[in-house]
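Here the structure comes first, spelled out in C-alpha cells, and everything after it is commentary.
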C-alpha cells in the first residue's frame, strides 16, 4: 500500500511538472498557446457536460467513445491478421524468407500515406480510418510474435514461449491504433476527438485544441494501463502453466529412475 502511494505521488510530480512547463511556455516562448488555467476556464463546460445535453454539441465523452469504437474495430482486425502471420513467420523459415522483406517494407509506411491510399480506394472516411488503423496496428504484434518464437528461451512448448511476446505486441499495437486513429480523423475530418481537435484549430479555438490533446493523452494512458494489466495477467498464468509442466516432467523423470533402480 505504501509503495502504491509512493508511486502515485511520484506520478503526480511528473504531471505537475508537465503543467508547469506548459504554463511557462504559454507565458514566455509561445504566448499564443493558452495556459492551463485559460484552457480550463474556456473548456470546463465541455468537461462538465460530457454528453452535450446542455450545449447541444457532441459531448467530449461521446467524441472519445466514437474514436474508441474505431480503435477497437481496427485493433481486433489487426489481431486477426497479425497473430497467425506472426506465428507463420516465426515457425517457418521459408515463410520468413518470402514475407519478411515485404513486412519490413510495409512496416515503416506513414499512417498519412495509408490514409491517402485508403481515401483513394474507398472514398469513405469511416472505411478509410478502419483500414489505416488496421494496417498500422498489425506490425508490432507480428514483430513481437516472431521475436518470441525465435528467442532462445528454455522450454519445448512454443506457444507458451511466444505468447508473452505476442501479448506485449498487442499492447503496443493498441497504443499505435489510438495514435493513428487521431491522425486519421484529422486527415479525413471525421467526427471524433481527432476531428473535433482539427475543427477547433481551423476555427481558432486554441483552448479546445489543448483540451483535445489532454483528453487524447488521458485516454491513451488508461488504455496502456488496461492492456498492461491484461499482459501481466497472461504472463502470470503462462508462468504458472510452465512451472506445472516442469514439475510434471521432473516427476516423470524421477519415476523412470525409480523404476530403473
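Taken together, the values in this text are just the output of simple stated rules run on the coordinates, not laboratory data. Keep in mind that what you see is a predicted model, and the values were worked out from it rather than measured. Because the Cβ atoms are built from the backbone with ideal geometry, glycine has one as well, and the counts that use them run over all protein chains shown.
By its C-alpha gyration tensor, with a ≥ b ≥ c as the square roots of the eigenvalues, how is the range 89-224 shaped: rounded for a/c under 1.5, else prolate for a/b larger than b/c, else oblate?
Values: a/c = 3.84, a/b = 1.86, b/c = 2.06.
Since a/c reaches 1.5 but b/c is at least a/b, the shape of the range 89-224 is classed as oblate.
Please work out how much length the chain gains when fully extended from residue 12 to residue 58, using 0.36 nm per residue of separation minus the C-alpha to C-alpha distance, in nm with one decimal.
Gain on stretching residue 12 to residue 58: 13.5 nm.
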Multiply the residue separation of residue 150 and residue 112 by 0.36 nm, subtract the distance between their alpha-carbon atoms, and state the gained length in nm to one decimal.
10.5 nm
Determine the gain in length on full extension of the stretch residue 120-residue 23; use 0.36 nm per residue of separation and subtract their C-alpha separation, reporting nm with one decimal.
30.7 nm
For the chain, the Kirkwood Rh over every pair of distinct alpha carbons, in Å, works out to 21.5 Å
Could you check which residue among 169, 90, 232 shows the biggest mean-square fluctuation in a GNM of the chain with a 10 Å Cα cutoff?
232
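Could you line up 146, 103, 186 from fewest to most neighbouring Cβ atoms inside 10 Å?
Details: 146 24, 103 17, 186 21.
Listed from fewest to most nearby Cβ atoms, that is 103, 186, 146.
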Label-point separation in nm, residue 213 to residue 100, each point 7 Å along Cα→Cβ:
4.1 nm
FRET efficiency estimate (nearest 0.05) - Cβ-Cβ, residue 5 to residue 47, R0 25 angstrom
0.40
Rounded to the nearest Å, what's the spacing between the alpha carbon centres of the range 1-72 and the range 132-207? Just the number, please.
22 Å
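What ranking do 178, 22 get, fewest neighbouring Cβ atoms within 10 angstrom at the top?
Details: 178 23, 22 18.
If I rank by nearby Cβ atoms, fewest first, I get 22, 178.
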Looking at the chain as a GNM with Cα springs under 10 Å, which of 83, 30, 147 has the largest mean-square fluctuation?
30
Spin-label model distance (nm) - residue 37 vs residue 236, 7 Å beyond Cα toward Cβ
4.5 nm
Residue-averaged [θ]222 nm for the chain, counting only DSSP H segments that reach four residues, each worth -39500 (n - 2.57):
-29500 deg cm²/dmol
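Could you put 73, 97, 189 in order, starting from the residue whose Cβ has the fewest other Cβ atoms within 10 Å? Could you put the intermediate results ahead of the total?
Values: 73 17, 97 10, 189 13.
Arranged by neighbour count, lowest to highest, 73, 97, 189 become 97, 189, 73.
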